[in-house]
Amino acid sequence: MNRPINNKRLSFIKPWHALAALILFNLLIAALIGDNFGAAWDEPSYYIYGERSLDAYIRGLSGLDLIPKKHIYFIDLRYYGPFYAVVGKLTTDTLTFVFKSWSYADIWHFVNFSFFQAALISLYSVAKRFMNSWAAFGIVLLFSTQPLLFGHAFINPKDIPFMTFFLASIACGFIMVESFAGKNRTIDSAGTELQASNLAVRYNLVAAILFGLFVFSIVGKDVIAAPIGWAVSFVYNSPPDSTWSRLFSMLANRADQLPVESYIHKAVNSKIEQILIVAVFILITANKIISGYKQNNKDFFSKFFYQIDLQLIFKILMAGVVLGLATSIRLLAPFAGLLILGYSLLTSGRKSLPSLIYYFSIAALITYLTWPFLWDKPIYHLIESFQVMRSFPFNGAVRFMGDNFASSNLPWTYIPTLVSIQITAPVIILSLIGFIISLWKSIKTPGEGGKFLVIYSWLLVPVGLQIILHSSVYDNFRQFLFILPPIFILAGMALETILKRINHRLINIALSILFLAPGLIGIISLHPYQYIYYNRFIGGLRGAAGNFETDYWLTSYREAAVYLNENAPTSASILAWGASSNIADHAREDLLVHLIVWDFSSDDIPEVYDYAVITTRFDNHLFLFQNAETVFEVRKDGVLLSVVKKLK
């Protein structure tokens, strides 16, 4: 007879033990299969971006000027922060001594997947605030076994790292805000210390504002330079007998010999605004110490520094740094900060304002320091990046529901539909149940409504803005992978409720296997093309073929290269449509693989090529070289991904 679950038997096994085991298992799997994946078509340019950004870091630390064409204006990648590109390059270069037989792209794929494990830790940390620890581990397991994410975790050096750091920003933000609430409760319960603590809070607010202004004098230097230049020009051009002119003559020995531009340059470089901010801080601090000491004598210092909490300082610093690094990957990251801001104000009120100012100031400074594109004109280039990211210039068509659309004119159902058919069916069903449960819990316990609001906003606001603003989206919804964690958190709430209600060991095990099975089957059956996964709601990959995008990153070209290695004659000339890196990196040395050719027709191509490798994306395999013989097809689950045509 089956008995209810006895937790005592497994009490020595903690959820974090299981999480650590999962991560180690994932890394082992990555070490075994990491060299199986084809490279995304734009990976080579990303590697170059990492190399050039690292050189920019080195030159910046050495006080050397950057070379704009090399370090700043590098195609459209300058609009993405380079932090992960640099870290990935350094890690990949280090691991070349470990994976000696792997290609450079293969090692990058291992590094990408390794960093993805941090997303599992962050998701577990966030999920524990909504469910018990074992349920949190359960949804991490579901998250980790999603074919879509599993595939992207190897080959996507942009969206997966951003999702990882966005998740980490939310996790660190939650930890920071909970420290605010705990500190406020401690202060409010200590009545004898309340007056001193209020004095410290007011001082901390002023100090935080000054710190924020000091940071802005760095990250907003191009904005500050304009009024400084206007002020210097005004004084410089004042009538000779005016007070301003006499004052200027006293400060400038050669006021009539140098052009105004020289004085503007000197004024901007003098950092006078930073000097004023530091001076004000010293004055208010000295005044507070002196007046407080006179009133309270020996007890003053203990009361004045009552609220100093090194753990809280560390948590603010960590949260700010992580948010800044996330922003230095993609400009959408401050949205995580806004979610934490809202949560903090709902739970701690205005008392958290000083800490929040420090939090955002640290994030802004870290973003600036790690993004060379911002070093020259921070605010101007930040606005430019935002405008480009809002309407990224993607000229290709987007296949959706059997039709082709412009990336900026998609149906409002685009992202919701793709999410519902590219995540495994059990997660979609569980998340809908979890949404109802979360609404009930938020009504039953209004005090916890803030954290539920974070989850709802995290999921709905980005999608809503995309629908309203008609922002460009392409390659399915890979730019929006960061909205998936809330779906899994909602699913986890349903999972916890269901397993608690049943409370039967064998049935719970069977249900868990049932929930995990679609993802595991997809990972195995679609290898190494897991990122083109579609669930049974649409009929799997076969049901999606022709109606939705499949191998939009041309990773199947690696398999085509294997065929060419085995069948192409010596010194054969290969034409690759869209991308050549997968073929060039894995082809025989004698084969002549030509560089990217994106926009061409068969009539434009001279008859000098022996083979052409063509993707099925945009149906190019049907229109290009129609009379040529198709000698090889790359298929997965019966779906055609790319072809090799023999031209001679």
(request) Normalising by the residue count of the chain, find the relative contact order in percent from Cα pairs under 8 Å and 6+ residues apart. (result) 18 percent
(request) Starting from the amide H of PHE400, placed 1.01 Å from N in the peptide plane, find each other amide H under 5 Å away whose residue is 5 or more places distant or on another chain. (result) PHE405
(request) Go through LEU514, SER328, PHE281 and say which Cα lies farthest out towards the positive end of the charge dipole of the chain; charges sit on Cβ, +1 for Lys and Arg, -1 for Asp and Glu. (result) PHE281
(message) Rounded to the nearest angstrom and ordered from largest down, what semi-axes does the equivalent ellipsoid of the stretch 401-549 get from its C-alpha gyration tensor (root of 5λ)?
(response) 29, 23, 10
(request) For LYS645, LYS451, give the ranking by accessible area with the largest first, probe 1.4 Å. (result) LYS451, LYS645
(request) Could you tell me which of rounded, prolate or oblate describes the stretch 338-428, using a ≥ b ≥ c as the square roots of the eigenvalues of the alpha-carbon gyration tensor, with rounded for a/c under 1.5 and, failing that, prolate when a/b is larger than b/c and oblate otherwise? (result) oblate
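Rounded, prolate or oblate for the stretch 86-142? Axes are the square roots of the Cα gyration tensor eigenvalues, ordered a ≥ b ≥ c, and the cut-off for rounded is a/c under 1.5.
Numbers: a/c = 4.68, a/b = 3.07, b/c = 1.53.
Because a/c hits 1.5 or more and a/b exceeds b/c, the stretch 86-142 counts as prolate.
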(message) Could you tell me the center-to-center distance, by alpha carbons, between the stretch 485-546 and the stretch 331-402 in angstrom?
(response) 33 Å
(message) Given Cβ point charges of +1 (Lys, Arg) and -1 (Asp, Glu) and nothing else, what value in debye, to the nearest 20, does the dipole of the stretch 493-637 about its Cα centre take?
(response) 1380 debye
(message) Bin width 20 Å, origin at 0, all Cα-Cα pairs of the chain: what percent of pairs per bin?
(response) 16, 44, 30, 10, 1, 0
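Among rounded, prolate and oblate, which fits the stretch 332-483 when a ≥ b ≥ c are the square roots of the eigenvalues of its C-alpha gyration tensor, a/c under 1.5 means rounded, and a/b larger than b/c means prolate?
Taking the square roots of the gyration eigenvalues as a ≥ b ≥ c, the stretch 332-483 is oblate.
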(request) Order the following by accessible area, largest value first: LEU346, LEU123. Probe radius 1.4 Å; ligands, DNA and RNA are ignored. (result) LEU346, LEU123
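Ignoring ligands, DNA and RNA, how do ILE340, ILE437, ILE284 rank by accessible area with a 1.4 Å probe, largest first?
On the way: ILE340 0, ILE437 30, ILE284 50 Å².
Listed by decreasing accessible area, they come as ILE284, ILE437, ILE340.
Hey, got the dipole for the chain? About the Cα centre, +1 on K and R Cβ, -1 on D and E Cβ, debye to the nearest 20?
Values: 50 positive and 42 negative charges, 641 e Å.
So the magnitude is around 3080 debye.
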(message) Need the full-extension length gain, SER101 to LEU283, defined as separation in residues times 0.36 nm minus the C-alpha distance. One decimal, nm.
(response) 59.2 nm
(request) Per DSSP H run of n ≥ 4, the term is -39500 (n - 2.57); total these for the chain, divide by its residue number, and report the mean residue ellipticity at 222 nm rounded to 500 deg cm²/dmol. (result) -20000 deg cm²/dmol
(message) Which one, PRO411, SER385, THR367, projects farthest toward the positive side of the charge dipole computed for the stretch 342-420 from Cβ point charges (K/R +1, D/E -1)?
(response) THR367
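The values are calculated or read from the model by the stated rules, or taken from the named source; none is laboratory data. Predicted model only: the values in this text are computed from it and were never measured. Neighbour counts are summed over all protein chains in view; Cβ atoms, including those assigned to glycine, are modelled from backbone coordinates with ideal geometry. Accessible surface areas use protein heavy atoms only, side chains included; no ligands, DNA or RNA. Shrake-Rupley method; radii C 1.70, N 1.55, O 1.52, S 1.80 Å.
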